[in-house]
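**Q** Starting off with a structure, shown below.
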Amino acid sequence: MTESRKKAEIDYPSLVGDPGQQWLRAKPFGHAPRETARFLIDFGYVLQLLDLRAGMSLCELGCGPGWMTRLAARHGVSAVGYDISPGMIEIAREIGAEEGSNASFEVGDMEALDLGRRFDTCLIYDALHHTPDAALVARSAYLALRPGGRLLLAEPNWKHRYQGRGAVEEWGTTELGYTPRKLKGILKEAGFKGVERFHNNRKRLYSNRPREIAFHLAEPFVYRFLGPFWTQIWLRATAS
């Protein structure tokens, strides 16, 4: 079961065909404006929550086509992306070369990495739901970070295990959904301390129109009520 699960992750770039590969290569750009805006806003959250500054080091586990890693490198960060799929790493390297990026990419299974506790920061963005062994990934993140280094984990919520069924049926990939409580427990068991959750809203601007102002004022209350059903999970933790 594990072998077939990982084979689907490894083969994913070829399984999705030319349209899917074009989507991967263009990411975060070239999509619907709302989707591209969400990706770029998320990168802004990464900068803020990890307090990324030029000269710091970052590893991204499950980097996919590497767009987050490349953006971090453009910010002056020494950034390395790891992914189990050689096809993903090939895409990341090709696009990086086209952009003249200083980011580097390596094939690596995020469930079984020991990176020598040398990085200042670690990012797991939209990747953990592809494994049923989240504890192994959390341990890899811990082993990547120097003492006092920060991890940032961003995930869709528990609904993804239902919303991702189409991908499971078509490509055989793993598509799970974790609760914040479950993820917090996993990080603490891996050795992390100071686990914090951050909440985001709809990521949009609003105008001076009375209706939009009313929506803006009501949004925090609506968010608290409906958040468990549509919000992302953002967790930050510190390696002891």
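The values are calculated or read from the model by the stated rules, or taken from the named source; none is laboratory data. Note that the structure is predicted; figures quoted are calculated from it, not measured. Here the Cβ is made from the backbone with ideal geometry for all residues, glycine too, and neighbour counts use every protein chain on show. Accessible surface areas use protein heavy atoms only, side chains included; no ligands, DNA or RNA. Shrake-Rupley method; radii C 1.70, N 1.55, O 1.52, S 1.80 Å.
**Q** Taking the solvent-accessible surface of protein heavy atoms with a 1.4 Å probe, what is the per residue accessible area of segment 101-239 in Å²? The partial results should precede the final answer.
**A** Working: 7470 Å² over 139 residues.
Result: 54 Å² per residue.
**Q** Oh, and also: So for the chain, averaging the separation of alpha carbon pairs under 8 Å that are six or more residues apart and normalising by length, what relative contact order in percent results?
**A** 18 percent
**Q** May I pose another question? Apply the a/c threshold of 1.5 to the C-alpha gyration tensor of segment 14-56 and tell me whether it is rounded, prolate or oblate.
**A** Prolate, because a/c is 1.5 or more and a/b exceeds b/c.
**Q** Report, in deg cm²/dmol and to the nearest 500, the calculated mean residue ellipticity at 222 nm for the chain, where each DSSP H run with n ≥ 4 adds -39500 (n - 2.57) and the sum is divided by the residue count.
**A** The helix-only estimate for the chain comes to -15000 deg cm²/dmol at 222 nm.
**Q** Where does each of 83, 11, 114 land when they are ordered by accessible area, with a 1.4 Å probe and the largest first?
**A** So the residues, ranked largest to smallest area, are 114, 11, 83.
**Q** Compare the peptides 20-31, 182-193, 206-217, 55-66 by average per-residue count of other Cβ atoms within 10 angstrom and give them in order, highest first.
**A** The densest-packed peptide leads the list: 55-66, 182-193, 20-31, 206-217.
**Q** How much net charge surrounds residue 149 when only the other residues with a Cβ under 11 Å from the Cβ of residue 149 are counted, with Lys and Arg +1 and Asp and Glu -1?
**A** Charge balance near residue 149 sits at +3.
**Q** Follow-up question, since we're still on this one. Report in % the part of the accessible area of the chain that belongs to carbon and sulfur, leaving out ligands and nucleic acids; probe 1.4 Å. Write down the numbers at each step before the final one.
**A** Details: 6780 of 12330 Å².
Roughly 55 percent of what the probe reaches on the chain is carbon or sulfur.
**Q** Is the shape of segment 28-107 best called rounded, prolate or oblate, per the rule: a/c under 1.5 gives rounded, else a/b larger than b/c gives prolate, else oblate, with a ≥ b ≥ c the square roots of the Cα gyration tensor eigenvalues?
**A** Taking the square roots of the gyration eigenvalues as a ≥ b ≥ c, segment 28-107 is oblate.
**Q** In addition: When a/c reaches 1.5 or more, the comparison of a/b and b/c decides; with that in mind, is the chain rounded, prolate or oblate per its Cα gyration tensor?
**A** In terms of gyration-tensor shape, rounded.
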